[in-house]
Amino acid sequence: MPHAGLCSCWGGRLLPLLLVYVCYLLLGATIFQLLERQAEAQSRDQFQVEKLRFLENYTCLDQRALEQFVQVIMEAWVKGVNPKGNSTNPSNWDFSSSFFFAGTVVTTIGYGNLAPSTEAGQVFCVFYALVGIPLNVIFLNHLGTGLRGHLTTLERWEDQPRRSQVLQVLGLALFLTLGTLVILVFPPMVFSHVEGWSFSEGFYFAFITLSTIGFGDYVVGTDPSKHYISVYRSLAAIWILLGLAWLALVLPLGPLLLHRCSQLWLLSRGLRLKEGGDPEANGLPRPQKIPTSA
């Protein structure tokens with residue numbers, strides 16, 4: 001019966017997967033709480049101490065006036081205005097920054113440090129995302145389709161000479177290595193140098209960005225004390241698009257490379273695995289046919 005089949009599917013596959021999923025979320029929540037809660041409490045206490053110290057130094061202000069000023073700062077920050085510096089800070093909506101923002105919209109990164117504040121901008125952002133996000137998915141899918149078309153030639157590599165097999169594996173390994181350097185190693189080094197971050201912070205920003213998580217705690221080109229080149233954020237947006245495209249290409253290559261390397265290792269040890277081979281080759285007797293009468 002359909003109901004019985006549904007219950008069997010739920011109990012056999014979906015329920016264990018759901019349990020693993022919930023347990024993974026609970027594990028993440030527990031670890032994040034242990035790692036971050038104490039630091040948050042310290043930051044909160046430090047902020048309260050600084051407010052009290054500020055009021056002691058400037059007795060003409062009262063607690064209410066200070067709270068109103070803090071509220072103004074928070075509202076400015078939500079609208080993308082950095083409270084550090086003055087009115088000469090670079091605009092968050094020049095063409096380079098707008099191009100960077102458009103890239104974060106279509107890739108669904110959404111750092112959260114900048115968003116449209118006008119009603120017209122918010123409405124346009126909705127329709128822009130409705131078209132841009134599917135367009136980005138189609139673009140990445142076409143890249144994956146092109147790669148799969150190339151991989152079909154690699155699937156017949158058992159019929160090729162040993163030298164060609166080794167060259168294909170080396171080519172895949174070289175592609176993965178160069179791609180990793182260009183996408184995940186060199187850019188964090190550049191961001192760390194320009195932004196004044198450590199390499200671990202730059203790598204963290206790169207991973208959070210290319211995984212489209214986009215917390216917004218680290219964003220390039222937002223420090224008002226630094227003088228960026230005019231195309232800095234546009235180049236960062238191009239890196240994001242290239243990085244996502246590279247990930248779409250490389251995800252099918254990783255398992256393929258491991259499979260090819262394992263096959264070469266087995267062949268080098270003289271172990272040739274054949275699916276559906278001759279039973280006698282494995283030391284098993286060939287089954288005898290039983291004659292049947294007409």
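The values are calculated or read from the model by the stated rules, or taken from the named source; none is laboratory data. Here the structure is a predicted model, which is why all the values come from computation and not from measurement. For neighbour counting, all protein chains shown are included, and Cβ atoms are generated from backbone atoms with ideal geometry for every residue, glycine included. In case anyone asks, the SASA skips ligands and DNA or RNA and just uses the protein heavy atoms, side chains included. Shrake-Rupley method; radii C 1.70, N 1.55, O 1.52, S 1.80 Å.
For the residues His193, His227, His142, His259, a 1.4 Å probe over the protein chains yields an accessible-area ranking, largest first, of His227, His193, His142, His259. Distance between the pseudo-spin-label points of Ile238 and Asn141 (7 Å out from Cα toward the beta carbon): 2.8 nm.
Estimate the FRET efficiency between Thr177 and Val231 by the formula 1/(1 + (r/R0)^6), using the beta-carbon distance for r and 22 Å for R0, to the nearest 0.05.
Values: r = 28 Å, r/R0 = 1.29.
After rounding, the FRET efficiency stands at 0.20.
Applying the Karplus relation 6.51 cos²θ - 1.76 cosθ + 1.60 with θ = phi - 60° to the stretch 15-24 yields 3J(HN,Hα) values of 5, x, 5, 5, 5, 5, 4, 5, 5, 5 Hz, where x marks Gly and Pro.
Scattering from the stretch 15-83 was approximated by placing one identical point on each alpha carbon and applying the Debye formula without solvent; log10 I(q)/I(0) at 0.22, 0.25 1/Å stands at -0.98, -1.06.
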